[in-house]
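What follows is calculated from the coordinates using simple rules that are stated; it is not laboratory data. The structure presented is a predicted model; accordingly, all values stated were derived computationally and were not measured. Don't worry about glycine lacking a Cβ; one is built from the backbone with ideal geometry, like all the others, and counts go over all protein chains shown.
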């Protein structure tokens, strides 16, 4: 997990949000990490993180068995084309079954249909891929933020500019 956090924190303009008791975030999110492109250091409004690190099961997301000691999952938005390339599945109709498998790039168990992939406890087989996907997702988030800023400065509305690129 440290390698992923170090890589993320080295990116220009990144905000790694780690909610805790003092943050006002729901207790379930405490200790998890949410990655945003935020050059001003503030959580962007109306923008989802481009990646997350979760350290526990959520009520609607238990299939990765993250409550077991030492388990965590990195989740990265990659878009539909990359999703299909990485998993061999169509994000709109994937049939993945073993969400608890470690060191395997797989559909996100809840957000796979939206072009998210996950890796439970990345290690030798997937770490290089995870770091590349994290960089790609950061680049996409930065490009979207730049387009939004350009649209706002020019007075034109980009109509859904926060929608992930495909």
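Summary of computed values
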{"quantity": "C-alpha long axis of helix 127-154 to longest principal axis of the chain, angle in °", "calculated": "20"}
{"quantity": "Per-residue [θ]222 nm for the chain (sum of -39500 (n - 2.57) over DSSP H runs n ≥ 4, rounded to 500)", "calculated": "-9000 deg cm²/dmol"}
{"quantity": "Three-way shape call for segment 2-154 based on the alpha-carbon gyration tensor, with the a/c threshold at 1.5", "calculated": "oblate"}
{"quantity": "Alpha-carbon gyration tensor eigenvalues x 5, square-rooted, for segment 33-98, Å", "calculated": "24, 20, 10"}
{"quantity": "Burial ranking of peptide ranges 83-94, 59-70, 101-112 (average Cβ count within 10 Å, highest at the top)", "calculated": "101-112, 83-94, 59-70"}
{"quantity": "Listed residues 80, 142, 132, most fluctuating in the chain (Gaussian network, C-alpha, under 10 Å)", "calculated": "132"}
{"quantity": "Full-stretch length increase - residue 22, residue 3 - with 0.36 nm per residue and alpha-carbon distance subtracted", "calculated": "4.3 nm"}
{"quantity": "Relative contact order (percent, whole number), the chain, Cα cutoff 8 Å, 6+ residue spacing", "calculated": "17"}
{"quantity": "Which of 32, 20 has the fewest Cβ neighbours within 10 Å, and the rest in rising order", "calculated": "20, 32"}
{"quantity": "Gyration tensor verdict on segment 56-137 (Cα atoms; rounded if a/c is under 1.5, prolate if a/b is larger than b/c, oblate otherwise)", "calculated": "oblate"}
